[in-house]
């Protein structure tokens, strides 16, 4: 009997080791989504195959698909590639998807999360699942979007976000959700701001918007041109005007909370300031928080997941301000 138990224990240890080494990088949280929903995979069978093929452990045990027809084609083929511990993933195309997280008790609000990555990758650990962890603890339903990368076709990522909004609006009563907002980081902040000013209709319009060290402009003197070229390819007068998003703010733009640091070495703070000025000019309820120090990427990457808090001693102030603002939405 002891021999059988020993053999079974050894088998479990081997299987556990194999499971742990299936993926190269893991997030520093055990949270996993309740559902993973593919946007464009034709069948559930192919969606299940997709779960096995993607190098991403942050998915639900079962896959679903909406089997929608995608707008555009970014030209990426083959497998995705996760290349760093932040969950940065390139090559997202036909396996575009979103992970749904449900709280134990809903507060009636939902957040759609668009991680950053310069429109070259999606950093869905530090700007995805960690944000989901924070919001779920506070009663929010959360969708983290692993959107298709544009590769010069600016329609692609925004159409993915619009499709997530459509699905969420269709199911919000079932989930006990009355308001649906969006949060985006860096280039994902550009995508969240795009969703806030370039929505198709009331269904795809966010009820509120949170922009964390966002890219807003794609041209000089302060725009992030790398992100811009990844989004639109060659610049034209039309696409630079449209995707310098401060140009597109109207009185109907959703209430907006913005946070960044003055010493951001990656995205010039004037991105956020220019957008905030447009919000104020259009009388959109908004807040702008600029902390003195912090590394680009501080989002929700704090002591819970890492030894260092990239926002330093301003973390508590940031979270308190965000919670207060959200409570009024």
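No value in this document is a laboratory result; all are computed from the given coordinates. Treat the numbers as computed from the prediction; the structure is a model and nothing was measured. We place every Cβ from the backbone using ideal geometry, glycine too, and count neighbours over all the protein chains shown.
What's the exposure ranking of 249, 142, going from fewest to most Cβ atoms within 10 Å? Walk me through the numbers before you get to the answer.
Details: 249 24, 142 27.
The order, fewest Cβ neighbours first, is 249, 142.
Between the stretch 22-62 and the stretch 260-306, how many Å separate their Cα centres?
Rounded to whole Å, the Cα centres lie 31 Å apart.
Would you look at the GNM of the chain, springs on alpha carbons closer than 10 Å, and say which of 297, 72, 188 moves the most?
In the Gaussian network model the winner is 72.
Return the calculated 222 nm mean residue ellipticity for the chain, to the nearest 500 deg cm²/dmol, obtained by summing -39500 (n - 2.57) across DSSP H runs with n ≥ 4 and dividing by the residue count.
Working: 9 runs with 109 residues, N = 329.
Dividing the helical sum by the residues of the chain leaves -10500 deg cm²/dmol.
Compare 263, 252, 307 in a GNM of the chain, Cα atoms joined below 10 Å, and give the one with the largest fluctuation.
Highest fluctuation among the options: 307.
From Cα pairs below 8 angstrom and at least 6 apart in sequence, can you work out the relative contact order of the stretch 116-242, rounded to a whole percent? The partial results should precede the final answer.
Numbers: 178 pairs, mean separation 34.1, N = 127.
Once divided by the residue count of the stretch 116-242, the mean separation gives 27 percent.
Compute the angle between helix 187-197 and the longest alpha-carbon principal axis of the chain, please, reported from 0 to 90 degrees and rounded to the nearest 10.
Roughly 60 degrees between the two axes.
Given a cut-off of 19 Å, what percent of all Cα-Cα pairs of the stretch 215-329 lie beyond it?
Working: 3538 of 6555 pairs.
Of all Cα-Cα pairs in the stretch 215-329, 54 percent lie more than 19 Å apart.
What percent does the relative contact order of the chain come to when contacts are Cα pairs within less than 8 Å and at least six residues apart? Present the calculation step by step, with values, prior to reporting the outcome.
On the way: 708 pairs, mean separation 42.8, N = 329.
Relative contact order comes out at 13 percent.
Within the stretch 89-115, list the residues whose amide N lies under 20 Å from a label point set 7 Å along Cα→Cβ of residue 46.
Under 20 Å, as judged by backbone N against the label point of residue 46, lie 91-99 of the stretch 89-115.
Above 12 angstrom, tally the Cα pairs of the stretch 142-193 and express them as a % of all pairs, no decimals. Could you put the intermediate results ahead of the total?
Details: 888 of 1326 pairs.
Summing the P(r) tail past 12 Å for the stretch 142-193 gives 67 percent.
Bins of 5 Å, beginning at zero and ending with the bin holding the largest distance: percent of Cα pairs per bin for the stretch 80-171, please.
Cα pair-distance distribution for the stretch 80-171, in percent: 3, 15, 24, 23, 18, 11, 5, 1, 0.
Taking the 0 to 90 degree range and rounding to the nearest ten, how far is the long axis of helix 2-20 tilted relative to the main principal axis of the chain, both from C-alpha atoms?
Taking Cα atoms only, the helix is inclined about 20 degrees.
With both bridge residues required to lie in the chain, what share of the DSSP beta bridges run antiparallel, to the nearest 5%? Don't skip to the answer; put the middle values down first.
Working: 13 of 40 bridges.
So the antiparallel bridges in the chain amount to around 30 percent.
Calculate the translational D of the stretch 196-282 in whole µm² s⁻¹ from Stokes-Einstein, where the hydrodynamic radius comes from the Kirkwood formula applied to all Cα pairs, the temperature is 25 °C and the viscosity 0.890 mPa s.
Numbers: Rh = 13.5 Å.
It comes out at roughly 182 µm²/s.
By per-residue mean of other Cβ atoms within 10 Å, what is the highest-first order of 309-317, 77-85?
Working: 309-317: 15.8, 77-85: 14.0.
Put in order of decreasing packing, that is 309-317, 77-85.
Dividing the Cα convex hull volume of the stretch 71-327 by residue count, how many Å³ per residue is that? Write out the running numbers ahead of the final one.
Details: hull volume 30.6 nm³, N = 257.
Expressed per residue, the convex hull around the Cα atoms of the stretch 71-327 is 119 Å³.
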